[in-house]
Ligand SMILES: [Zn+2]
Ligand SMILES: [Zn+2]
């Protein structure tokens, strides 16, 4: 998994930070690339990365504030130049997102070349595939704002091929049988116990990406045990009242949530343009005192998981 | 007058050219700054200029294609951070623009801090002030697409102060009288003929800015005698059929219009991303063979008039 921050600012673009967009690339795991939020000029930011719009097949929108959705009509339109009928797109977002997309595309006489599905979401399980589950939860931002919890399923262990070969079992259809049955009897009547020849299952990872929100203890349960929590930190610790008045969080509040919910890693984003890059060291230090494995994202920051 | 091109590409943004937006700054003439079209990330482009969004007080939208309007909601929203009730904004655009703006702002819970007036336009005189007249004309782009003709009124000549002093007429209320009356009788009964003491009137300039369109001889009348014609040139001359099929123009067609309409200067913009910067010399040469005073705009090109 690879996470690329395309925009890490709050409210309006600055020279230093664009408005919100985060790419979660799971090409190896799922052959899918997901986009979280799509502020204005997200398609422009993508031009400076290796991420192809045509490869992005799911978009999740946390809430309907302009700095999180105004890039959507342009992104979806331009994607038509790269993606044909074999590259469907699904957009998940709050109530109103379906009308917003359909209205703006129609008004601008835009005809997409690929199939588009738009799903207005509620709390709970959004969808489940063989490999992954995605949950949504309503946060506290004055207007409906969602967090997403992406849960990779545990992968069964792999066949211990070398160990089988040592025992004289050559590769062939028998390997498939061992994978699927607890015991298999060989031609020489010896019995293979699957558990002896299967490695340890690979634990699935959990990534939680929250939209704009005030700090709430109620969010602990939702982000519990995340390998990675991506959380807004519009303000530094001394602006807690301001943060609360504008339905936002501080760096320390995000860190407290990560600590209390036993997360493994925290990345802060959605930083107010009042903060210069030169102030980010102090901003980060404040958060690290509460939760040490914290980073602050910049535009084009890439994190491997 | 100063013209700044913020976006000079066609259809979708590239690394080299953003989608359409043109600023016509008339700070000295009118204390006004006008924006023509507002493609996605126009507000981002402005960050790299000295033009303040709060200073822009009129926006003219040629047509409703996404690459000309998708930056509007973001621009209008962000302008609230710079402009209060004393900085009203008027948007002129085709039918549907009022609903587009009101809908997107409402949906994103955006409240502007300044008064916004939205005027859906037809052909003819859009408005007239003491100093300027603006006309609109429907072009040929498959959907309604407008051109704008901005006509500065001639300015009366200035009082020839030195000449009056030589004649012994000292500065005072008498100067105002001379300015306003064909003849004025002085205390010594000598008569001042205004025409002898007023300099030559300053000819107003004409600027024509056309939206996307195919080449039409019918446009000659509308852009006639323009000091500056800004015209799209999506394609080079060899793509005339393609241009026509997509309701666009070639470089040579734009140059022919400028020549036939006795324009003084032509600037080409809205260049397809199929053309690299390295091809622009040839692209420009083609047009110059038809109309020599031609330029091709790049993003952040500035022209003085
Ligand atoms: Zn936000
Ligand atoms: Zn266009």
Between residue A:225 and residue B:224, what is the spin-label point distance in nm, taking each point 7 Å from the Cα along the Cα→C-beta axis?
8.0 nm
Percent RCO, i.e. relative contact order, over segment A:183-264, from Cα pairs under 8 Å lying at least 6 residues apart
29 percent
Compute a Gaussian network model of chain A, connecting alpha carbons closer than 10 Å, and tell me which residue from A:101, A:209, A:178 fluctuates the most.
A:178
Per 20 Å bin from zero, what fraction in whole % of the C-alpha pairs of chain A is there, up to the bin with the longest pair?
32, 48, 18, 2
Arrange the peptides B:267-279, A:71-83 so that the one whose residues have, on average, the most other Cβ atoms within 10 Å appears first.
A:71-83, B:267-279
Using alpha carbons only, what's the Rg to Rh ratio of the protein assembly as shown with Rh from Kirkwood?
1.13
Relative to the other copies, what are the label-point distances for residue B:81, with labels 7 Å from Cα along the C-beta vector, expressed in nm at one decimal and sorted shortest first?
2.8
Determine, from the Cβ-Cβ distance of residue A:245 and residue B:112 and an R0 of 22 Å, the FRET efficiency 1/(1 + (r/R0)^6), rounded to the nearest 0.05.
0.65
Relative to the longest principal axis of the C-alpha atoms of chain A, give the angle of the C-alpha long axis of helix A:251-260, reported between 0 and 90° and rounded to the nearest 10°.
30 degrees
Could you work out how far apart the two model spin labels at residue A:170 and residue B:293 are, taking each label as a point 7 Å from the Cα in the direction of the beta carbon, and quote it in nm?
8.8 nm
Could you tell me what percent of the DSSP beta bridges with both partners in segment B:22-156 are antiparallel, to the nearest 5?
60 percent
For chain B, what relative contact order do you get, as a whole percent, if you take Cα pairs closer than 8 Å and at least 6 residues apart?
17 percent
Could you work out the relative contact order of segment A:64-217? I mean the mean sequence separation of Cα pairs under 8 Å and 6+ apart, divided by the number of residues, in percent.
21 percent
Taking the axis about which chain B rotates onto chain A, which residue of B lies nearest it as judged by Cβ position, and how many whole Å separate them?
B:41, 2
Copies compared at residue A:116 - label distances in nm, ascending, label defined 7 Å from Cα in the Cβ direction
2.1
Largest fluctuation, B:85, B:250, B:294 only, Gaussian network model of chain B with Cα springs under 10 angstrom, belongs to B:85
Can you give me the Cα centroid spacing of segment A:1-68 and segment A:144-189 in angstrom?
36 Å
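Using 1/(1 + (r/R0)^6) with R0 = 56 angstrom and r between the beta carbons of residue A:161 and residue B:86, what's the FRET efficiency to the nearest 0.05?
Efficiency, rounded to the nearest 0.05: 0.15.
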Quick note, segment A:98-196: a/c under 1.5 would make it rounded; otherwise a/b > b/c is prolate and the rest oblate (a ≥ b ≥ c, C-alpha gyration tensor); here it is prolate
Partner chain Cβ atoms within 10 Å, averaged over the residues of A:7-16 - can you pull that number for me?
3
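Output the antiparallel fraction of DSSP beta bridges having both residues in the protein assembly as shown, as a percent to the nearest 5. The partial results should precede the final answer.
Values: 72 of 120 bridges.
Percent antiparallel among DSSP bridges in the protein assembly as shown is about 60.
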For B:68-74, mean number of other protein chain Cβ atoms within 10 Å
6
Using a 10 Å cut-off on Cβ to Cβ distances, tally the other chain neighbours for every residue of A:23-32 and report the average as a whole number.
0
Taking the label point 7 Å from Cα in the Cβ direction, how far apart in nm is residue A:244 from each other copy of itself, listed shortest first?
7.0
Among B:126, B:186, B:139, determine the one that fluctuates most according to a GNM of chain B built with springs between C-alpha atoms less than 10 Å apart.
B:186
Classify segment B:1-124 as rounded, prolate or oblate from the Cα gyration tensor: take a ≥ b ≥ c as the square roots of its eigenvalues, call it rounded if a/c is under 1.5, otherwise prolate when a/b beats b/c and oblate if not.
rounded
For the ranges A:40-49, B:46-55, what's the packing order if you count other beta-carbon atoms within 10 Å of each residue, average per peptide, and put the highest first?
A:40-49, B:46-55
Of the beta bridges DSSP finds with both residues in chain A, what % are antiparallel, to the nearest 5?
60 percent
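With a/c under 1.5 counting as rounded, go ahead and sort segment B:240-305 into rounded, prolate or oblate using the C-alpha gyration tensor (a ≥ b ≥ c being the square roots of the eigenvalues; past the cut-off, prolate if a/b is larger than b/c, else oblate). Don't skip to the end; give the middle numbers.
Numbers: a/c = 1.63, a/b = 1.09, b/c = 1.50.
Here segment B:240-305 falls in the oblate category.
Give the calculated FRET efficiency between residue A:179 and residue A:120 to the nearest 0.05, with a Förster radius of 35 Å applied to their Cβ-Cβ distance.
Taking R0 as 35 Å, the efficiency between residue A:179 and residue A:120 is 0.30.
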Once both labels are modelled 7 Å past Cα along the beta-carbon direction, what's the residue A:302-residue A:238 spacing in nm?
3.7 nm
What value, in deg cm²/dmol to 500, does the helix sum -39500 (n - 2.57) over DSSP H runs of n ≥ 4 give at 222 nm once divided by the residues of chain B?
-6500 deg cm²/dmol
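Taken together, the values in this text are just the output of simple stated rules run on the coordinates, not laboratory data. All figures in this text were calculated on a predicted structure; none of them were measured in a lab. Note that we place each Cβ from the backbone using ideal geometry, even for glycine, and neighbour counts take in every protein chain shown.
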